[in-house]
Each structure stands twice: as C-alpha cells, then as structure tokens.
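Note sheet for the following structure.
The values are calculated or read from the model by the stated rules, or taken from the named source; none is laboratory data. For clarity, every value in this text was computed on a predicted model and none was experimentally measured. Cβ coordinates were reconstructed from backbone atoms using ideal geometry, including for glycine residues, and neighbour counts include every protein chain displayed.
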Amino acid sequence: MIKLSIIIILVFIVLITIFALYFSTTIENFTNSSPTDPKYDYQKVLKDFYDELNKTPATTSTSPAPDASLEPASGSAVPANTTTTTPPTTTTPSPSGSSVTLSPQSSSMVDFIALIETYKPWGAYFAGNVSDDNKLLDLLNRDNRNAIITGQIVKNNVNGFGAIKNIASISGTINTTIEWGQNSISPEYTICSITRYTGNTNNKRILTAKDASPTNDWLHGHQFGKRGVVYYNNEYKIDNSLTISGNVNDWVVTCASSKGQTPTNVFINGVPSGVKEGGVGGLKLSINKIDNTNIINEFSDFALSYVIIWDVALSDTALKIVSDNLINYLITGENIVFDMGSLTIDDKVKVLSVKSNFIQAETNKLVSKLSTNANANTNTNTNANTNTNTNTNTDTDNNTTIDINHPDVTNILNKVANLENNLSNSEVVQKVPSTNVLTAAQEQTNNQANKATICNLVDEMPNPLMSSFSDEMINVPITNTDKAYQSYLWCKCDGVNGVKANTDKCKMYEVCRRNYVNNNRIDFKANSETISSIDRKLYDSCINVFENFPRYLDANK
C-alpha cells in the first residue's frame, strides 16, 4: 500500500512539473501584468471580480482637491460596485431673463482623470489659473504652452448664464486678445471649451485660428451671434441651422474632434451634433486675434472658463467624457482635476482601475478598426484581382491582408503603441505596437469566420469540469469536442474580448483558472497558511461559483 502511494505521488509530481513548464510563459505574463497586453492586469482583475462576487460597497473617500468629487457616476466605465450621488437637475434663470435647464451627465471625475492619464492634453487652461503678468497658464505646468493675454481682463466667480453654481471665468472686450502657441491646433486635434458672449453687439467669433484665411477658415463654438458653431477649414461640421435653447449670452460647452464618425465627432452641450467629418489643423488658436484683414472685424466681447486641447483625435467615448465633465462643472462648480498628485490612495486606486478598463476599451476599438481596414483592403484586392504589396500581414486561410503601410492603418498602430506605452508608464514612444496587436486583429477576423460547435449549441457557458481548470488551454482547436475544453471554447466564441468573454461566468472562469495555476505550481503549493489573503478570498469565491473547482488547499495540507 505504501509503495502504491509513493508511485502515485511520483506520477503526480511528474504531471505537475510538465504542467508548470508548459504554462511558465503564461504565468510570468499574468503575474507581471504584461504592459503590452492589458488582459494580464492580475491585481485589477482579482479586485474587480472579488468585488463583483461579494457586492461590497466601495469605500468612499474625499479627494484633497477642494471641490472635486471623484465618486463615479451611474453608467460610467468604473467597477460595478461603486456608488454615486448625482446632483439634481436644476433650472436657474440667467441674469438676462432666460431659463436654462442643465442635466447632470453620466461620466464622472474618475473617468476624466483616467482619460487625462491616458491621453495627456497638448494644453489645458482654466480661468482660475491666470498669472500676474497676464498669462493663461497651462494646467500641466508647461511654460511653453502658456497662452498670452493682451488688453484688459476681468476675473469672475459667479453663477448664471447657464451655470448653476459659481464658476471661474475671465472676460474681455473686442480689444482683449488671447494667443496660444504654434500647433495649438495640431494637424490632428481635439478641442473642448466653455465660452460665451458677454454682450449683444460684438458677437462674432470667439475661439478661432490666428492664421485663419478665406481659404482655410477655422472657428469653434461661436459665430455671428450663434452658439455651438463648429466650422473647420471652410466647412460646417454641425447643421448650421442648429439652435440651442437659452439666451445668446449663455455658456456653451463645445467638444469637437478632427476625426471620428458623425454625429459623435462633435458634442454641443452634451448632445452629439456632428453632420460632417474631418478637419485640417496646423494652425494657432486665438481669441480676437486674426492676421488676415479679410476677416479681421469678427471680434467679440467674450468670457472663457475652460479650454482643453489635444494633439490627437479623441474617440467618441473620450470626447463624451470630457463634454460630460465640463457640463457637470457648470452644474456643481467643482473644479476639474487634471492629475492624481493630490488624490488619496483610495481615489488613486479608483482612477487606475478605470484607466486600465479605458485603455482596454480604446485598444479593442482600434484593433476592431484595424480588422475592418484589413477586410476592406481584402475586398478591394479581390475585386481588382491584384495584391502586390509585400509588406503586409496576411492570413492565408481567410485571404485577409492588413496593409501596415496604409496611412489609416499606420495611424491606428501608432495609437495602439501609445496606449501600450501608457499602460506600462513608459516614456519611450514606439513607432508600432508589439506584434500581439496584429495577432489580435487577425484572431478577431478568424473568430468571425470560424466558431466552435459549442457556440451554437448553448446560450451560456457550460459548467466547467475539474480538468477545465487544470488542463493547458494552448492552441485548442475549435473542432475539439473534449468536454474539458467546451467552457473555454464557448468563452472565446466571439473573440478574446467579445461579448461572451465578458460575461460574469467567463471572466470568473478565467480568473479561477489563473488562481489555480499560480497557487498550485511545482515550486509553490499554497495551503491555508501560505496563500495570500486576496487569493484565499478568490479561492473561496471560485468554490462557491464552480462546483468542480479543484480544492487544492485541501490537497496541499
């Protein structure tokens, strides 16, 4: 009997050794939170899923920023267990007698800071940040990005004109100018602002291009007594007949991108309003300062609260987050936070968690777009019966070709590379992302054409067997009918980041598989005393969710 036990133990050790070696690369990526693959954010996944399973309310902490509430709003991209207090919709008569109703928007300050941490603005400007020598200072403390003010300005901190609570602003007349630096309207750009007219006579354009010309005209937010006008490069990006409720002197929140699909390439007071795409930059932003005498008379008496500039075209999701937070500022008067330096540890954890989710979502969008470009390129090549480009990434099974020299594809690859760098806090800007991006794009294309049989048989993930947690899941063919693999294959039916992969059970299944691998390997067999507290909590959750989850703590006593 003793000999038999020894033989069984030896066989078990050999099997575990083979298993551990097979998974060594995966374990390393998973535990190190690979910067080039957002899927392997181990600590974040553990925390998120433990919170989801236990439905524990998030700890609410107060940011040191005087007026900044970092509580995530309902519907925002934050962990599901967080709570929020939403200010009521308020109607306030403006001093001019009009009545403006503002509604709280769904994106929170947490979402905004996560976005800023991901896409650093070219410049960020707030009326409460004006120097004694008349400079509108960049909130990110870059002296070469400060805007120069000439003429008289008045600093205000009042409500009205659509603002529910007191907000900071600076106002000037047609003799007041503000000039931003070179490339403040970059070749590719996003600009968001809170501006308004302050009179009834001098109401022309406010934010414009200093070097605008009759053949390359540019303005943002106001024109000829109208609010919410976006006119880039001699073309209206909104319906020119668009009217906005309220008085001509009310504040308007204008967010627009030089790229993106209509209508979400432009948000006017939180409403998607784009009717045309595009916009060519390479200009200098200004107020009441236009070099060309043909349009020199289009001056305004104005007020400004916030102007935020990016030298990239933000996605529709990111654009809405900025627009929402600017509107919420008009409602709450709470200053917008642009960095994590003054936040508490709890708030920093919230921001980093949302940032990770945000980067994953942005990367998935770009990879999806890359795959779409690949399919479009394939269709074009098929119709033309030619494909002479040798610098491509081709899937021979599906005849799908990704032309990495195409300008649109190059732009996408650069954006994904920057997202990868951002996730790893790297200062080195890569020219192209790691090869896993192209692989992921190809996998997505393949998954659309080929699905495992289990995908069409059941509507929810099959109950995993014990071996479903311990067997290696490397290069499992979709034709495999082994019951141990069916849960894994079902979760990959629509791709590694598809709808099914993001169901609670599939996400929990993946986390439990990782939990088993990390705590029952050849060089470390956790028991009740040596397992980490968070892994122990997750282990208990896995047992509760999956009846066949291996009880390795009992085996390792």
Matching option when the condition is in contact with an Asp or Glu (Cβ under 8 Å, 6 or more places away or on another chain), buried (at least 22 other Cβ atoms within 10 Å of the Cβ) and either at pLDDT below 95 or of a type outside the set (Phe, Trp, Tyr) (or both), among Ser186, Ser193, Ser258: Ser258
Close pairs (6 angstrom Cβ cut-off, 6 or more residues apart or separate chains): over 14 Å from Leu139 (Cα atoms) in segment 108-121, surrounded by 24 or more Cβ atoms within 10 Å (Cβ to Cβ) and polar (S, T, N, Q) anywhere: Phe112/Asn325
Test: Val312 is crowded, with 16+ Cβ neighbours inside 10 Å and either assigned to a helix (DSSP H, G or I) or without any contact (Cβ under 8 Å) to a residue 60 or more places away in the chain (or both): no
Hits in segment 274-296 - residues which are of a type outside the set (A, V, I, L, M), closer than 17 Å to Val229 by Cβ and touching a residue at least 60 places away in the same chain (Cβ under 8 Å): Gly279, Ser286, Asn288
Failed item, numbered, when Phe469 is tested on (1) in a loop (DSSP other than H, G, I, E, B); (2) in contact with a Lys or Arg (Cβ under 6 Å, 6 or more places away or on another chain): (1)
Candidates Gln182, Gln152 - the one that is touching a strand residue (DSSP E or B) at 6+ places or on another chain (Cβ under 7 Å) and part of a loop (DSSP other than H, G, I, E, B): Gln152
Residues located in segment 191-234, provided they are without any contact (Cβ under 8 Å) to a residue 60 or more places away in the chain, assigned to a loop (DSSP other than H, G, I, E, B) and closer than 23 Å to Trp122 by Cβ: Asn233
Residue count, segment 502-539 (criterion: surrounded by fewer than 18 Cβ atoms within 10 Å (Cβ to Cβ) and either in contact with a Gly (Cβ under 6 Å, 6 or more places away or on another chain) or part of a loop (DSSP other than H, G, I, E, B) (or both)): 9
Residue that is surrounded by the fewest Cβ atoms within 10 Å (Cβ to Cβ) [pool: residues in segment 102-149 that are part of a loop (DSSP other than H, G, I, E, B) and in contact with a Leu (Cβ under 8 Å, 6 or more places away or on another chain)]: Ser131
Candidates Val271, Val252, filtered to the one that is of a type in the set (A, V, I, L, M, F, W, C) and in contact (Cβ under 8 Å) with a residue 12 or more places away in the chain: Val252
Tabulated pairs, segment 451-474, first more than 30 Å from Arg521 (Cβ to Cβ), second at pLDDT below 90, C-beta under 6 angstrom, 6+ apart or interchain: Lys451/Cys493; Cys455/Cys493
Restricting segment 224-242 to residues that are under 26 Å from Pro104 (Cα atoms) and in contact with a strand residue (DSSP E or B) (Cβ under 8 Å, 6 or more places away or on another chain), the residue that is modelled with the lowest pLDDT: Leu242
Criterion: under 26 Å from the mean Cα position of the chain (by Cα) and at pLDDT below 90 - qualifying residue of Gly278, Gly221, Gly274: Gly278
Candidate set from segment 317-357 (those that are over 17 Å from the mean Cα position of the chain (by Cα) and not in a helix (DSSP H, G or I)); member that is nearest to Gly274 (Cα to Cα): Ile336
Qualifying positions in segment 289-299 - in contact with an Asp or Glu (Cβ under 9 Å, 6 or more places away or on another chain) and assigned to a loop (DSSP other than H, G, I, E, B): Lys289, Ile290, Asp291, Asn292
In segment 479-501, the residues that are in contact (Cβ under 8 Å) with a residue 12 or more places away in the chain and assigned to a loop (DSSP other than H, G, I, E, B): Thr479, Asn480, Thr481, Lys492, Cys493, Asp494, Gly495, Val496, Asn497, Gly498, Lys500
